[in-house]
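The values are calculated or read from the model by the stated rules, or taken from the named source; none is laboratory data. Given the structure is predicted, the values throughout are model-derived calculations rather than measurements. In this analysis, Cβ positions are derived from the backbone assuming ideal geometry, glycine residues included, and neighbour counts consider all displayed protein chains.
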Amino acid sequence: MIRIGLLGCGRIGQVHARSILRLDNASLVAVADAFAGAAEALASATGAEMRESDAIIASDDIDAVIIATPTETHSDLIHAAAKAGTAIFCEKPVDISADRTRDCMKVVEAAGVPFLTAFNRRFDPNFATLEAHIRAGEIGNVEIVTILSRDPAPPPISYIKGSGGIFRDMMIHDFDMARYLLGEEPVQVYAVGAALVDPAIAAAGDVDTAAVTLTTQSGKICQISNSRRATYGYDQRIEVHGSKGLLRAENILDNSVEMANAAGFNRAPAKHFFLERYEAAYLQEISHFVTALLEQTPPSPGIEDGLRAQLLADAASESHQTGLPVRL
């Protein structure tokens, strides 16, 4: 049984808490949050204790911590947990600074503690099946990957101001997925972007519509499209074209019913947001982490995966600012 402490009781922390309750080989021992009311509510709902973050990290009855706090707090919590010898599950990004992420990686590796960077999309059943077909060679050599990620609506401007920008906050998931599917590291990044959804996003120094092209040393290409607006739901699609065929993962809709009449064909909208769309992925992600700890195998993706995705996000941001491709 893996005994878990949860740091951060906001939206994603609540998702992880519910996932832990569904596992037979893990227990949620304690929760903490900067807002006492949030921690108290989640503790009451799950039966966990309410403690301070530093107390959870130092507790003898905690085997692992889930870091689901704001990004700017990750580095200090990672350092503390690593020095305490506690396994770490950390939400993305590890940090919006690649240098601070490197510092975290050094501490984690020196301590020898297991670390998982929470790129939950790797654990989506559809995307994982698509990747398995690629590795089995069923479409031959991968030539071009297309990833589309569009949110139904922008987050609050207050969030955008501290997010590090669309490339580091939103597209970082797609950078990890690109590495996961290409099977090679990108060596060149070219990005374009604009604020087409809300002028307040431009005023905050960010864009809400972006596209990036990644190229590997052998010439494989990945195209990524992001938007903060999709009127038809949470748009999450992937297509991989290879020398022998094509693989495609489509959107998950509210239901699979299709109606046809004189007006044409009509289907349900896509799932509204990431909580519904990736519910299965969040459960599988926690299950993988717990199983890795029990079997004493390295969880994946690890902290280096978090760093590599961050470097791609940094390169995309630089490319957007300069209008030039960036070599890695």
Given the criterion over 30 Å from Ser317 (Cβ atoms) and buried (at least 20 other Cβ atoms within 10 Å of the Cβ), identify the matching residue among Ala45, Ala68, Ala81, Ala87. Ala87
Looking at segment 96-110, can you tell me whether even one residue there is outside any helix (DSSP H, G or I) and at pLDDT 95 or above? no
Residues satisfying the stated conditions in segment 49-93, i.e. assigned to a loop (DSSP other than H, G, I, E, B), of a type outside the set (D, E, K, R) and at pLDDT below 95: Ser59, Pro70, Pro93
Which pairs turn up if I take residues in segment 291-319 that are closer than 13 Å to Val113 by Cα and free of Cβ contacts under 8 Å to residues at least 24 places away in the same chain and look for partners that are of a type outside the set (Lys, Arg) and assigned to a helix (DSSP H, G or I) with beta carbon separation below 9 Å, at least 6 apart in sequence or on another chain? Thr297/Thr291
All but one of (1) more than 30 Å from Ala82 (Cβ to Cβ); (2) surrounded by fewer than 22 Cβ atoms within 10 Å (Cβ to Cβ); (3) at pLDDT 95 or above hold for Ala191; state the number of the condition that does not hold. (2)
Here's a check for you: in segment 282-310, which residue that is of a type in the set (A, V, I, L, M, F, W, C) and touching a helix residue (DSSP H, G or I) at 6+ places or on another chain (Cβ under 6 Å) is nearest to Ala64 (Cα to Cα)? Ile286
Name the residue, out of Ala111, Ala118, Ala98, that is in contact (Cβ under 8 Å) with a residue 24 or more places away in the chain and more than 21 Å from Leu312 (Cα to Cα). Ala111
Does Gly10 satisfy being surrounded by 15 or more Cβ atoms within 10 Å (Cβ to Cβ), within 20 Å of Leu275 (Cβ to Cβ) and under 24 Å from the mean Cα position of the chain (by Cα)? yes
Could you list, in sequence order, the residues of segment 18-34 that are free of Cβ contacts under 8 Å to residues at least 24 places away in the same chain and buried (at least 22 other Cβ atoms within 10 Å of the Cβ)? none
From Asp61, Asp54, which residue is under 17 Å from Val290 (Cα atoms), more than 23 Å from the chain's Cα centre (by Cα) and not polar (S, T, N, Q)? Asp61
Could you list all residues from segment 153-192 that are assigned to a helix (DSSP H, G or I) and touching a His at 6+ places or on another chain (Cβ under 8 Å)? Phe167
Can you tell me which of Ile224, Ile201 is part of a helix (DSSP H, G or I) and in the same structural domain as Pro154 (by TED's automatic domain parsing)? Ile201
Among the residues listed as Arg150, Arg168, the single one being within 15 Å of Gln236 (Cβ to Cβ), under 21 Å from the mean Cα position of the chain (by Cα) and basic (Lys, Arg): Arg150
Could you tell me whether segment 110-124 includes any residue that is loosely packed, with under 15 Cβ neighbours inside 10 Å, of a type outside the set (A, V, I, L, M) and on the phi < 0 side of the Ramachandran plot? no
